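The block underneath contains the structure these notes are about, expressed in structure tokens.
The values are calculated or read from the model by the stated rules, or taken from the named source; none is laboratory data. Quick caveat: nothing in here was measured; it's all calculated off a predicted structure. Counting neighbours? That spans all protein chains shown, and the Cβs are built from the backbone with ideal geometry, glycine included.
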Amino acid sequence: MNARVELRSTSAASFADEPLRCAIECDTAGARAPERFEIFRNWHSSIIDVGLKGGDEITFGATEKIWQLGDIAFAVIDASPDHLLRWEHKKKPAVDNWVVSVKDSRRSGSADSASRRRLGVTNLTAPHTCESEGRLIALFLPYNSIDASLHPEIADDDAEFLADYLSLLHHNLAHLRRSNVSRVAEATIHMLAAVLSPSHDKLAQAQVPIDAVITTRAIRAIEAKLADPGLSPEYLCKSVGVSRSRLYRIFEPAGGISNYIRRKRLLETRRALADNANVQSIAQIAENMGFTDPSTYSRMFKREFGLSPKEVRALGWQGMLHPDALDMNPIASGNRTLNTLLISNSLGMSTSTEAVSHAFVASAG
């Protein structure tokens with residue numbers, strides 16, 4: 001029998017434009033219930049010991065996804081939320097890596113925001129123990145990739161900032177292309193170095209990912225007070241802790257901070273108008289978002305969306321528009337750069353993973 005294999009040539013450009021995919025994806029669901037926890041333990045047996053401190057092994061389940069970002073392994077572990085895992089160092093782990101982890105979970109009934117996301121920094125060879133439940137996000141970096149004299153104890157504000165960045169990175173991995181991986185890996189290492197072992201040069205190198213976290217925090221502040229007349233650039237500078245010039249520079253891709261807030265408010269009225277369950281008048285919907293002059297609002301709305309408020313309401317009530325399908329349009333961008341990817345997605349300016357302006361980070365959310 002003759003067999004012939006035809007190899008299809010794939011250009012480097014098309015390969016680089018492919019979405020980044022998981023390097024490893026594991027799921028205990030295919031195993032018998034009594035064996036699932038032991039299988040989970042074996043996934044990590046060469047680098048760390050895992051024990052089950054709370055919960056029944058019979059009901060345990062977990063998935064693990066790992067992305068390769070240059071020399072960085074980015075792992076997301078989702079374990080049964082009712083189980084408490086204990087992670088403890090091995091005396092002789094197979095590799096010598098720094099581990100930066102975020103426990104992205106919260107016990108029911110807890111109102112402590114710090115309990116939702118706790119950052120850990122350690123080395124696999126150093127004695128350490130920690131506990132987690134639900135989701136655990138972790139970066140594994142070669143020992144010499146950041147300052148080897150790094151002390152794992154960092155200030156609370158710095159820990160929260162880094163946790164925000166890792167959560168952003170995880171949220172937007174689906175938007176990352178292979179061509180962006182090296183820049184993302186480099187930016188991530190700069191970010192870690194700037195937060196964990198700061199210096200003027202390291203902070204300068206980490207400017208793009210730092211701006212992305214600041215942007216995300218600003219967006220959270222905007223969304224929390226979108227209908228508040230007191231929402232202003234001055235309020236955001238104070239809330240986020242940045243200068244006015246820096247805030248303006250970060251929001252420049254969206255046409256400036258005031259333009260971004262105005263457009264977010266217009267979008268909110270557009271969603272309300274398209275909702276056939278909303279019986280408020282157009283004027284009332286507009287006023288709820290601070291537009292007190294109906295004629296000015298109508299002109300701004302039509303200039304922004306190409307339809308008048310009345311036309312959008314009519315389409316919504318006819319079932320031809322759904323409020324959940326309305327979102328911001330992607331920014332036009334001629335070139336993919338880390339800066340435009342980070343900022344545009346953080347600004348909520350993207351609507352699909354195919355948009356040029358998609359990034360590995362977005363408002364967490």
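Any residue at all in region 258-267 that is within 21 Å of the chain's Cα centre (by Cα) and hydroxyl-bearing (S, T, Y)? Within region 258-267 (the criterion being within 21 Å of the chain's Cα centre (by Cα) and hydroxyl-bearing (S, T, Y)), the answer is yes, since at least one residue qualifies.
If you filter region 245-255 down to residues that are surrounded by fewer than 16 Cβ atoms within 10 Å (Cβ to Cβ) and within 28 Å of A286 (Cβ to Cβ), you find that the one that is modelled with the highest pLDDT is Y248. For region 45-82, a residue qualifies if it is of a type in the set (F, W, Y) and in contact with a His (Cβ under 7 Å, 6 or more places away or on another chain), and exactly one does: F60. One residue is enough: does region 53-62 have a residue meeting the conditions basic (K, R) and under 27 Å from L169 (Cβ atoms)? No, every residue in region 53-62 fails to be basic (K, R) and under 27 Å from L169 (Cβ atoms). All of C26, C22 fail the test of being hydrophobic (A, V, I, L, M, F, W, C), modelled with pLDDT of 50 or more and touching an Asp or Glu at 6+ places or on another chain (Cβ under 7 Å), apart from C26. Reported count of residues in region 193-230, each being out of contact with any Ser or Thr (no Cβ under 7 Å at 6 or more places or on another chain) and either outside the structural domain of I285 (by TED's automatic domain parsing) or of a type in the set (S, T, Y) (or both), is 2. Restricting attention to region 287-322, the residues that are more than 31 Å from the chain's Cα centre (by Cα) and hydrophobic (A, V, I, L, M, F, W, C) total 8. What number of residues within region 231-244 are more than 13 Å from I214 (Cα to Cα), among the hydroxyl-bearing types (S, T, Y) and loosely packed, with under 14 Cβ neighbours inside 10 Å? Matching residues across region 231-244 total 0.
Exactly one residue out of A126, A174, A227, A212 is farther than 16 Å from V102 by Cα, more than 23 Å from the chain's Cα centre (by Cα) and touching a residue at least 60 places away in the same chain (Cβ under 8 Å): that is A227.
Note on region 189-230: residues that are surrounded by 19 or more Cβ atoms within 10 Å (Cβ to Cβ) and at pLDDT 90 or above total 1.
Determine whether S239 is assigned to a helix (DSSP H, G or I) and within 22 Å of the chain's Cα centre (by Cα).
On the way: assigned to a helix (DSSP H, G or I): yes; within 22 Å of the chain's Cα centre (by Cα): yes.
For S239, the condition - assigned to a helix (DSSP H, G or I) and within 22 Å of the chain's Cα centre (by Cα) - is met.
Pairing residues of region 26-51 that are part of a loop (DSSP other than H, G, I, E, B) with residues that are surrounded by 14 or more Cβ atoms within 10 Å (Cβ to Cβ) and β-branched (V, I, T), at Cβ distances under 8 Å and at least 6 apart in sequence or on separate chains, gives A31/I39; H44/V50.
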